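For reference, the structure discussed in these notes is given below.
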Amino acid sequence: QVTLKESGPGMLQPSKTLSLTCSFSGFSLSTSGMVVSWIRQPSGKSLEWLAAIDWDGDKYYNPSLKSRLTVSKNTSNTQVFLKITSVDIADTATYYCARSRQLWVMDAWGQGASVTVSS
Amino acid sequence: DIQMTQSPSLLSASVGDRVTINCKASQNINKYLNWYQQKLGEAPKLLIYNTNNLQTGIPSRFSGSGSGTDYTLTISSLQPEDFGTYFCFQHNSWPTFGSGTKLEIK
């Protein structure tokens, strides 16, 4: 059974760095073609794809946010991380991680982690 | 960025109705178009990928079509569990989602 779970700080102050973790099981990120993406959704709004990392360690970033994003994975290929620097209120959202077995076909999602940026 | 315009933004339909949701891209996306369903408080669920491929486990009343810039999700006979918000998602270039269509059951 494929499961993904996001974890994060819940709340943080403007200008800080947001660190998120996606822990998953039921698949291996070392399998050829596998990708884990990060997507966010402000309350009541649409979704925004942020970043992804694939089985070979290649990284993909939303061009409009690229300067603030860093995606990485652990050496055992069981977790993926996302850092967003210099957060502001506009970064308040639910953050999801999702698995793809072929690029951009995100077929398994985590439950989401709510992040609020507030002073 | 490729902009994805969904229509309608709100749709109210009855059980048994045939329902269509449209997604128009700002440029040709070469059929790299997925559809997701999201219920309140839940993560999105993949329904259709690459325009017309039904994801495993998704009922056959869901289908997708389109080419170029214009794409459609069709539900052939609406069921009560189909309420929710539907998003299109293009991955021809850097991925972007549509604005969403909220489907209400009458």
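The values are calculated or read from the model by the stated rules, or taken from the named source; none is laboratory data. If you're wondering where the values come from, they're calculated on a predicted model, not measured in any experiment. Because the Cβ atoms are built from the backbone with ideal geometry, glycine has one as well, and the counts that use them run over all protein chains shown. Side chains are part of the model used for accessible areas, which takes the heavy atoms of the whole protein and leaves out ligands, DNA and RNA. Shrake-Rupley method; radii C 1.70, N 1.55, O 1.52, S 1.80 Å.
Of the residues making up segment A:38-46, at least one is at pLDDT 95 or above, of a type in the set (V, I, T) and closer than 20 Å to A:D107 by Cα. Within segment A:41-52, one or more residues are on the phi < 0 side of the Ramachandran plot, in contact (Cβ under 8 Å) with a residue 60 or more places away in the chain and part of a strand (DSSP E or B).
Filter segment B:47-84 down to the residues that are hydroxyl-bearing (S, T, Y) and open to solvent by less than 10 Å² (accessible area, probe 1.4 Å) and list them by number. Within segment B:47-84, B:T51, B:Y71 qualify. Scanning segment B:58-88 for residues that are of a type in the set (A, V, I, L, M, F, W, C) and closer than 16 Å to B:P8 by Cα gives B:L73, B:I75, B:F83, B:F87, B:C88. Can you say whether A:T116 is over 22 Å from A:S30 (Cβ atoms), within 11 Å of another protein chain (Cβ to nearest Cβ), assigned to a strand (DSSP E or B) and in contact (Cβ under 8 Å) with a residue 24 or more places away in the chain, as far as the supplied structure shows? In short, no. Test B:L11 against the criterion of being open to solvent by 80 Å² or more (accessible area, probe 1.4 Å) and either over 30 Å from A:Y61 (Cβ atoms) or over 11 Å from the mean Cα position of the chain (by Cα) (or both), and give yes or no. For B:L11, the condition - open to solvent by 80 Å² or more (accessible area, probe 1.4 Å) and either over 30 Å from A:Y61 (Cβ atoms) or over 11 Å from the mean Cα position of the chain (by Cα) (or both) - is not met. For segment B:85-102, the tally of residues that are open to solvent by less than 10 Å² (accessible area, probe 1.4 Å) and either touching a Lys or Arg at 6+ places or on another chain (Cβ under 6 Å) or among the hydrophobic types (A, V, I, L, M, F, W, C) (or both) stands at 3.
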